[in-house]
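The values are calculated or read from the model by the stated rules, or taken from the named source; none is laboratory data. The shown structure was predicted, so the numbers you read here are calculated from the model rather than taken from an experiment. Positions of Cβ are backbone-derived with ideal geometry, glycine not excepted, and every protein chain shown enters the neighbour counts. The protein model used for the area step is the full one, side chains on, heavy atoms only, and it has no ligands, DNA or RNA in it. Shrake-Rupley method; radii C 1.70, N 1.55, O 1.52, S 1.80 Å.
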Amino acid sequence: MKRAVADCTACELCKTRKQAVLGVGDVAATWMFVGEGPGADEDECGEPFVGKAGKLLDAMLAAIDLKRGHGVYIANAVKCRPPDNRTPETDETAACWPFLARQIELIQPQLIVTLGKPAAQTLLQQEVKIADARGTVHDFAGIPLIVTYHPAYLLRNLPDKSKAWEDLCFMRKTMKEL
Ligand code: URA
Ligand code: SF4
């Protein structure tokens, strides 16, 4: 799949990417986190969430005793960087969807966590307001799915960090009860 993603030209984002960013983690992961799309740092080095937002994601994972690559897989709704870090368009998330679908199929995580609106909308196939959708367990093809804020959003909106903390506790509790 890495090769297929690297060669993919299914949407406009292929024109401006340096490289496609498939995901990071092992196929036996029980947790799967899905972000929006690569930023400049990710486009440069080929791994998701390595920039500022990634540092916060790592801290969020650490808060519930998780670690990148240890039972955790991290992917994005689109595999190529949107120019100027704009939000991916719905036709772009749709074009990229088969890759994410395949990743979920291969990994078969016990719990999926979406970070931010585009990931939530891609997986739930409906308009999502994070403030309304968080705090409950949704379903993706039989896999429990929890919605929370994107770490880049949290960096800009510090008051919502406490809500993200609640969401982390909720995820951990949900996973324990599975
Ligand atoms: N933001 C995302 O949504 N994904 C990344 O990989 C990096 C930043
Ligand atoms: Fe292909 Fe996804 Fe990259 Fe678009 S974002 S070119 S669909 S890999």
Selection status of Val78, over 11 Å from the mean Cα position of the chain (by Cα) and among the hydrophobic types (A, V, I, L, M, F, W, C): no
When only residues in segment 137-178 that are among the aliphatic types (A, V, I, L, M) and not in a helix (DSSP H, G or I) count, which is most open to solvent (accessible area, probe 1.4 Å)? Leu178
For segment 109-130: of the residues being among the hydrophobic types (A, V, I, L, M, F, W, C) and free of Cβ contacts under 8 Å to residues at least 24 places away in the same chain, which is surrounded by the most Cβ atoms within 10 Å (Cβ to Cβ)? Val128
So the check is Cβ under 6 Å with 6+ separation or different chains; which pairs have a first residue in segment 155-168 that's acidic (Asp, Glu) and a second one that's open to solvent by 20 Å² or more (accessible area, probe 1.4 Å)? Asp167/Arg134
Please list, ordered by first then second residue, the pairs with beta carbon atoms under 9 Å, 6 or more apart or interchain, first in segment 83-108 and aromatic (Phe, Trp, Tyr) and open to solvent by less than 40 Å² (accessible area, probe 1.4 Å), second in a helix (DSSP H, G or I) and near ligand 2 (Cβ under 9 Å from one of its atoms). Phe99/Ala4; Phe99/Val5
Return the pairs, sorted by first residue and then second, in which the second residue is small (Gly, Ala, Ser), the first residue lies in segment 3-20 and is farther than 13 Å from Glu44 by Cβ, the beta carbons are less than 6 Å apart, and the residues are 6+ apart or on different chains. Val5/Ala20; Ala6/Ala20; Ala10/Ala95; Cys11/Ala95
Enumeration of residues in segment 64-82 that are open to solvent by less than 80 Å² (accessible area, probe 1.4 Å) and either part of a strand (DSSP E or B) or touching a Cys at 6+ places or on another chain (Cβ under 8 Å) (or both): Ile64, Val72, Tyr73, Ile74, Ala75, Asn76, Ala77, Val78, Lys79, Cys80
The one condition in (1) open to solvent by 50 Å² or more (accessible area, probe 1.4 Å); (2) within 16 Å of ligand 2 (Cβ to nearest atom) that Gly39 fails to fulfil: (1)
Residue list for segment 7-23, restricted to those being outside any loop (DSSP other than H, G, I, E, B) and among the small types (Gly, Ala, Ser): Gly23
Picking from Phe33, Phe49, the residue that is more than 13 Å from ligand 2 (Cβ to nearest atom), assigned to a loop (DSSP other than H, G, I, E, B), closer than 17 Å to His150 by Cβ and in contact with a strand residue (DSSP E or B) (Cβ under 8 Å, 6 or more places away or on another chain) would be Phe49
Please find, among Glu92, Glu36, Glu47, Glu127, the residue that is acidic (Asp, Glu), within 10 Å of ligand 1 (Cβ to nearest atom) and more than 19 Å from Asn157 (Cβ to Cβ). Glu47
